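Chemist: Pasting in a structure now, in structure tokens, and then I'll have a few things to ask.
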């Protein structure tokens with residue numbers, strides 16, 4: 001099932017959106033134990049692979065990437081930076 005709710009004419013796979021949310025929630029699930037959060041997120045990713053195959057994993061990865069890019073754009077704007085520069089700090093440095 002897909003739906004256009006981005007306001008930009010983009011089609012969103014609702015399964016991918018739900019699973020991306022579950023991955024993030026799993027990663028954030030235990031503030032005191034990063035290993036537990038990582039394990040929970042890995043379990044969700046394995047479930048996506050089992051349920052939807054590599055295409056499903058790809059859709060979830062793209063959804064996560066687009067949402068992270070959007071968040072970086074907002075944070076960068078608040079800090080007076082270019083989003084690509086902030087992404088470099090987060091991922092390359």
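Chemist: Among the residues that make up region 46-61, is at least one of them at pLDDT below 90 and touching a helix residue (DSSP H, G or I) at 6+ places or on another chain (Cβ under 8 Å)?
Modeler: Scanning region 46-61 turns up no residue that is at pLDDT below 90 and touching a helix residue (DSSP H, G or I) at 6+ places or on another chain (Cβ under 8 Å).
Chemist: I'm told residue 71 meets every condition in (1) in contact with a helix residue (DSSP H, G or I) (Cβ under 9 Å, 6 or more places away or on another chain); (2) modelled with pLDDT of 95 or more; (3) surrounded by fewer than 17 Cβ atoms within 10 Å (Cβ to Cβ) except one. Can you identify the failing condition by its number?
Modeler: (1)
Chemist: Something else about it: Checking the conditions here, which among 65, 29 is assigned to a loop (DSSP other than H, G, I, E, B) and under 16 Å from the mean Cα position of the chain (by Cα)?
Modeler: 29
The values are calculated or read from the model by the stated rules, or taken from the named source; none is laboratory data. Keep in mind the model is a prediction, meaning the values are calculated, not measured. Heads up, the Cβs are rebuilt from the backbone with ideal geometry, glycines too, and the neighbour counts pull from every protein chain shown.
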